[in-house]
Amino acid sequence: MKPAILGGKPVFRKAIPFSRPLLPGIGKLTPRLKEILASGMITNGRYGELFENKVKDFIGVKNAVALSNATSGLILTLKCLRLTGEVIVPSFTFLATVHALIWNNLKPVFVDCAPETYNINVDLVEELITPRTSAILAVYVFGNPPEIKKLERIADKHRLKLIFDSAQAFGSFYSGRAAGNFGEAEIFSLSPTKLLTTSEGGIVTTNNDELAEALRIARNYGNPGDYDCEFVGLSARLPEFNAILGLESFKLLGKNLERRNEIVKRYKRQLGKLPGVSFQKISPDCRSSHKDFSILINEEKFGLSRDKLALALEKENIPTRKYFFPPIHRQKFFRSKGKYNLPVTEFISRNILCLPIFSGLTDKMVDSICSAILNIHQHRNLISSP
Ligand SMILES: *Cc1c(COP(=O)(O)O)cnc(C)c1O
């Protein structure tokens with residue numbers, strides 16, 4: 001059968017979702033929603049605190065501070081740590097990682113990523129350290145933990161703060177410990193594309209009590225309680241509605257993680273045979289949340305470019321995402337700022353394609369997506385010819 005891009009019938013009659021949150025039924029939410037509407041406590045209430053405690057217990061960390069989103073969490077964490085000068089950060093990340101630096105007048109110093117894990121290449125970090133460097137901001141790309149032990153060693157040796165953009169990593173584990181236990185702080189997103197969701201929201205975990213206290217003030221305009229601010233904050237609290245949703249979302253996390261794991265295995269089993277297709281490497285002592293599932297296309301071996309494959313899949317009503325393309329140093333807001341030698345970042349960014357993944361994706365749908373890719377590959381010569 002011909003692929004849709006060559007005039008065949010699309011694999012799906014209409015577009016399937018790329019991602020879809022796993023949400024509780026309304027019945028689970030109504031008693032608490034009724035309660036807060038009746039009491040008028042719709043922010044700064046007990047559900048926000050309950051949600052923070054739940055996260056704290058799950059991760060096994062001393063403090064968890066909930067915020068309006070991960071971006072405000074990143075901005076305020078950098079602010080509360082009083083960082084200055086330069087911060088070492090990957091360019092292969094979601095834009096908010098670097099925006100948070102810019103909001104704090106910090107200079108991003110980009111480190112290339114590792115070719116197999118797509119995470120920060122720890123072997124390249126030390127050569128980027130200068131007297132102005134104050135921190136390393138590492139990312140769990142698609143939920144895959146970076147090489148934390150090595151990063152800790154470098155940060156200790158050079159007296160740098162180590163911070164993690166763990167936005168995609170709720171439910172990930174490193175060396176048997178949950179993401180959220182590491183560095184000075186980890187910042188999680190709770191937006192709908194992430195596994196644990198409060199609709200919009202974020203949460204910072206830290207064993208540093210002083211930092212946690214500062215963040216509680218920072219999310220409340222920087223107001224310590226007497227309206228006499230020592231520093232400038234944001235209005236970045238997590239509303240009670242969102243916390244209530246988060247408490248129920250928590251109950252679905254295990255199922256969500258498990259299902260994503262099955263989906264990834266199923267994808268890999270079927271796509272692993274294709275020439276020119278490789279997968280993100282997850283170290284055996286790590287577990288990824290699999291917030292995203294990606295394939296990396298080697299155009300020469302596969303016979304089609306990533307962009308052509310994405311277009312052909314779109315015609316099959318299969319949405320994909322080019323995460324993270326363009327990389328930060330190539331984006332309009334940034335690209336005038338200098339020359340960067342980031343060959344691995346550029347290669348991955350140009351050749352990566354994320355496929356649909358969410359807990360409601362059935363085995364049958366995964367199989368259809370895989371057979372569409374196999375079929376497109378079989379017709380690669382016809383598709384690639386102009
Ligand atoms: C989702 C995401 C963010 C932003 O999270 P928000 O809660 O939407 O602000 C930041 N960094 C990464 C890596 C993300 O995936």
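Derivation of every value follows stated rules applied to the coordinates shown; laboratory data play no part. Just so it is clear, the structure is predicted and the values come from calculations on it, not from any experiment. In this analysis, Cβ positions are derived from the backbone assuming ideal geometry, glycine residues included, and neighbour counts consider all displayed protein chains.
Quick notes on this one:
- Residue that is farthest from the chain's Cα centre (by Cα), among those in the stretch 8-66 that are acidic (Asp, Glu) and closer than 30 Å to Gly183 by Cα: Glu49
- No other residue among Lys281, Lys308, Lys332 is out of contact with any Ser or Thr (no Cβ under 8 Å at 6 or more places or on another chain), away from the ligand (no atom under 16 Å from the Cβ) and of a type in the set (D, E, K, R) apart from Lys332.
Residue by residue, here is whether (1) of a type outside the set (Val, Ile, Thr); (2) crowded, with 16+ Cβ neighbours inside 10 Å holds:
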| residue | (1), (2) |
| --- | --- |
| Val277 | no, yes |
| Lys281 | yes, no |
| Asp285 | yes, no |
| Ser288 | yes, yes |
| Pro326 | yes, yes |
| Gln331 | yes, no |
| Phe334 | yes, yes |
| Lys337 | yes, no |
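- Those residues of the stretch 77-102 which are part of a loop (DSSP other than H, G, I, E, B), away from the ligand (no atom under 12 Å from the Cβ) and surrounded by fewer than 24 Cβ atoms within 10 Å (Cβ to Cβ), in sequence order: Leu81, Arg82, Leu83, Thr84, Gly85
- Helices (runs of 4 or more DSSP H) wholly inside the stretch 279-386 containing at least 3 residues that are closer than 30 Å to Gly176 by Cα and within 21 Å of the chain's Cα centre (by Cα): 343-351
- Reported count of residues in the stretch 298-347, each being within 30 Å of Asn375 (Cβ to Cβ) and in contact with a Cys (Cβ under 8 Å, 6 or more places away or on another chain), is 4.
- Residues (within 12 Å of the ligand (Cβ to nearest atom), under 21 Å from Ile120 (Cα atoms) and part of a strand (DSSP E or B)) located in the stretch 164-203: Phe164, Asp165, Glu186, Ile187, Phe188, Ser189
- Checking each residue in the stretch 223-274 for being over 30 Å from Ser294 (Cα atoms), of a type in the set (Gly, Ala, Ser) and surrounded by 15 or more Cβ atoms within 10 Å (Cβ to Cβ) picks out Gly233, Ala236, Ala243.
- Filtered residues of the stretch 237-263 (kept if touching a Gly at 6+ places or on another chain (Cβ under 8 Å) and aliphatic (A, V, I, L, M)): Leu238, Ala243, Leu253, Leu257
- Taken over the stretch 129-147, the criterion of being within 16 Å of the ligand (Cβ to nearest atom) and not small (Gly, Ala, Ser) is satisfied by Ile136, Leu137, Val139, Tyr140, Val141, Phe142, Asn144, Pro145, Pro146.
- Residue within the stretch 264-279 that is of a type in the set (A, V, I, L, M, F, W, C), touching a residue at least 40 places away in the same chain (Cβ under 8 Å) and in contact with a Gly (Cβ under 9 Å, 6 or more places away or on another chain) present: no
- The stretch 1-38, residues that are hydrophobic (A, V, I, L, M, F, W, C) and either assigned to a loop (DSSP other than H, G, I, E, B) or exposed (fewer than 14 other Cβ atoms within 10 Å of the Cβ) (or both): Met1, Val11, Phe12, Ala15, Ile16, Phe18, Leu22, Leu23, Ile26, Leu37, Ala38
- Among residues of the stretch 112-128 being touching a residue at least 60 places away in the same chain (Cβ under 8 Å) and on the phi < 0 side of the Ramachandran plot, the one that is nearest to the ligand (Cβ to nearest atom) is Cys113.
- Selection within the stretch 39-76 - touching a helix residue (DSSP H, G or I) at 6+ places or on another chain (Cβ under 9 Å) and assigned to a loop (DSSP other than H, G, I, E, B): Met41, Ile42, Thr43, Asn44, Gly45, Val61, Lys62, Ser68, Asn69
- One residue from Asn220, Asn207 being over 23 Å from the mean Cα position of the chain (by Cα), under 23 Å from Thr77 (Cβ atoms) and surrounded by fewer than 19 Cβ atoms within 10 Å (Cβ to Cβ): Asn220
- Residue pairs whose Cβ atoms lie under 6 Å apart, separated by 6 or more positions or on different chains, with the first residue in the stretch 80-97 and farther than 12 Å from Thr130 by Cα and in contact (Cβ under 8 Å) with a residue 60 or more places away in the chain and the second among the acidic types (Asp, Glu) and assigned to a strand (DSSP E or B), are Thr97/Asp165.
- Whichever residue in the stretch 151-170 is within 21 Å of the chain's Cα centre (by Cα) and surrounded by fewer than 24 Cβ atoms within 10 Å (Cβ to Cβ) and, among such residues, is farthest from Ile282 (Cα to Cα): Lys161
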